[in-house]
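Encoded as structure tokens, here's the structure I'll be asking about.
The values are calculated or read from the model by the stated rules, or taken from the named source; none is laboratory data. If you're wondering where the values come from, they're calculated on a predicted model, not measured in any experiment. Positions of Cβ are generated from backbone atoms using ideal geometry, with glycine treated the same way; all protein chains shown enter the neighbour counts. When the accessible area is computed, the model is the full protein with side chains, heavy atoms only, and any ligands, DNA or RNA have been set aside. Shrake-Rupley method; radii C 1.70, N 1.55, O 1.52, S 1.80 Å.
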Amino acid sequence: MISGQTWLSARPQQTTVMLAAMIVLAVLSQFFRSSNGVIAPEIMSELQFDAQAIGLSSGAFFVIFAVLQLPIGVLFDSYGPRRVVSGMLVFAVLGSVLFAVAHSLGLLVAGRFLIGLGFAGGMVGSLVVLSRWLDPTDFTRAMTILFASANLGSLLATSPLSASTELLGWRATFVSLSVITAVVAFGFWWVVRDEPEGRRDRRARPDSLAASIRGVSEVFRVPGLMRILPLIALGYSSIITIIGLWGGPFLHDVHGVDGLERGNLLSVLAVAFVAGTLAYGPIQRRVGAFRPVVIGGAVGSAALLLVLAAVSHTSLSITLPLLVVTCFVGAFSVVLMGHGVALIPAELKGRGTTALNAVLMGGTALLQIGSGAVVEAVHGYVGSPSSGYAAFFAVLGALILVATAGYLATPEPKAAARERT
């Protein structure tokens, strides 16, 4: 059998083009995840929606994203990532159009739901294809490039989205995004191949969905893993909910920041999150362990959120630096996921990684929907513009502290930590 390295050497252009198509798809997916934060004030004003409605519409994306992780794995085994991913993106095209024309909460939620459905298999499908084309060393490099590039989507969902909204309006912007998504879907189908020509993996007959679910139950019996799941559900979701949902309304309602300026400030938060993600890897390698780095990041994030809750009503010169540092420190979730994967035995890595991703996305869905209820309820009771957001920051900080307390007893996989350094 020809090695992965030989395939890569023989077809460097083909693998580069495929990776480029995967990067564009990942950037677009990340863009849609974060887009509600910039346009939320405009939607709330035009459609007379409250914070709870916006939280529900935003969370719909993550609900379906989390639920579909297991079924998608079965579809990949049966039909191949190329057809499944490009075919599912049709739903994202329809969802973007539906979101653009929505005049009711039901249609807005349905649009976000379809967008999430369309992108649910993109990243995992890309990783499956790369694993079939590349040897382990090249696969790790390609995965790193793919993950790092995806964060550009968060940046594009700030200032550029604000500029497009001011120029075209949010509805026309999402119609344009539906066209872009269709082009990306066709591009993925056109250039990506499930495996190199002449190679056919000797894979066992794909598990049924029921068998896959039973297999995932083995993952949750891994010693120590249950202690890590609550923090996985909160780590990434806390920052993406600030950048991609409540950061924009907070800047608008409390500090009167509108339009492109709001997008520019959100882009600073997104850059801080990217910088934190890049910084935590070297920190973990230097420390040589997962747990102290995660505990430091989680406690630091919780403390910053509690301080934000206390000073949210003050000037932007105080709250903005706190938000920036929070997004930087909150990037500890990249080390947390590494800890979770390191705990999982080799024979369970595939389904284990999928399960952790489902918990991460499910946590984001619950936080976005639940936070909308918190923001609206407290704002309605207290009345001040900052009260609902202060309650959100406080509740989130407290939840992270509770989850961190449960994480403290998680075993440190020393061999795995050395291997990842």
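In whole Hz, what ³J(HN,Hα) sequence does the range 377-390 give by Karplus (6.51, -1.76, 1.60; θ = phi - 60°), x for Gly and Pro?
Values per residue, Gly and Pro as x: 5, 5, 4, x, 7, 8, x, 6, x, 8, 4, x, 6, 4 Hz.
Another question, if that's okay. If packing is taken as the mean number of other Cβ atoms within 10 Å per residue, what is the order of 25-34, 291-300, highest first?
Packing order, densest peptide first, comes out as 25-34, 291-300.
Using a Förster radius of 35 Å, what is the FRET efficiency between L47 and I145 based on their Cβ-Cβ separation? Nearest 0.05, please.
E(calc), rounded to 0.05, equals 0.35.
With each label point set 7 Å from Cα along the Cα-Cβ vector, what nm distance links I295 and A405?
The modelled label-to-label distance comes out at 1.5 nm.
Taking the Cα centre as origin and putting +1 on Lys and Arg beta-carbons and -1 on Asp and Glu beta-carbons, what dipole magnitude results for the chain, to the nearest 20 debye?
So the magnitude is around 1400 debye.
To the nearest 10 degrees, how steeply does helix 36-47 sit against the main Cα axis of the chain, on a 0 to 90 scale?
On a 0 to 90 degree scale, this one is about 50.
What does the charge dipole of the range 56-190 about its Cα centre add up to, to the nearest 20 debye, if the Cβ of each Lys and Arg holds +1 and the Cβ of each Asp and Glu holds -1?
It comes to approximately 140 debye.
In degrees from 0 to 90, rounded to the nearest 10, what is the angle of the helix 333-343 Cα long axis to the longest principal axis of the chain?
Orientation of helix 333-343: about 40 degrees from the principal axis.
While we're on this one: Is it possible to state the helix-based mean residue ellipticity at 222 nm for the chain, with each DSSP H run of 4+ residues giving -39500 (n - 2.57), the sum divided by total residues, to the nearest 500 deg cm²/dmol? What is it?
-27000 deg cm²/dmol
How many nm separate the modelled label positions at A398 and A377, each set 7 Å beyond the Cα in the direction of the Cβ?
1.1
Right, another one. Taking θ = phi - 60°, what integer Hz values does the Karplus form 6.51 cos²θ - 1.76 cosθ + 1.60 yield along the range 259-265, in sequence order, with x for Gly and Pro?
Rounded to whole hertz, the list is x, 5, 4, 4, x, 4, 5.
In whole percent, how big is the carbon plus sulfur part of the accessible area of the chain, probe 1.4 Å, protein atoms only?
With neighbouring chains kept in place, the figure for the chain is 67 percent.
Using the heavy atoms of the protein chains alone and a 1.4 angstrom probe, what is the accessible area of the range 298-404 per residue in square angstrom?
Solvent-accessible surface per residue comes out at 36 Å².
Measuring from centroid to centroid over Cα atoms, what is the spacing of the range 293-321 and the range 73-89 in Å?
About 41 Å separates the Cα centre of the range 293-321 from the one of the range 73-89.
Then there's this: Given labels modelled 7 Å from the Cα in the Cβ direction, how far is it in nm from S78 to V17?
3.1
Enter the angle in degrees (range 0 to 90, nearest 10) between the Cα long axis of helix 69-79 and the first principal axis of the Cα atoms of the chain, meaning the one along which they spread out most.
Between helix and principal axis, roughly 30 degrees.
Suppose a student asked you for the relative contact order of the chain, using Cα pairs under 8 Å spaced at least 6 residues apart; what percent would you report?
Computed over the chain, the figure is 26 percent.
Continuing with this model, one more query. Karplus couplings for the range 221-232 from phi (6.51 cos²θ - 1.76 cosθ + 1.60, θ = phi - 60°), rounded to Hz, Gly and Pro as x?
Each residue's phi maps through the Karplus curve to give 8, 4, x, x, 5, 4, 6, 8, 5, x, 6, 4 Hz.
Over all directions, what mean area does the Cα convex hull of the chain project, stated in square nanometres?
19.4
Using alpha carbon centroids, what distance separates the range 96-123 and the range 357-403, in Å?
Spelled out, the Cα-based centre of one part sits 23 Å from the other.
Oh, and also: Highest mean first, what order results for 185-194, 311-320 on Cβ atoms within 10 Å?
For the peptides 185-194, 311-320, the packing ranking is 185-194, 311-320.
Top mean-square fluctuation among S35, S371, S176, Gaussian network model of the chain, C-alpha springs under 10 Å?
S176
Using a Förster distance of 41 Å, how high is the FRET efficiency between R285 and E218, based on the Cβ-Cβ distance and rounded to 0.05?
0.85
Same structure again: In whole percent, what relative contact order does the range 17-126 give with Cα contacts below 8 Å and a gap of six or more residues?
Over the range 17-126, the number comes to 35 percent.
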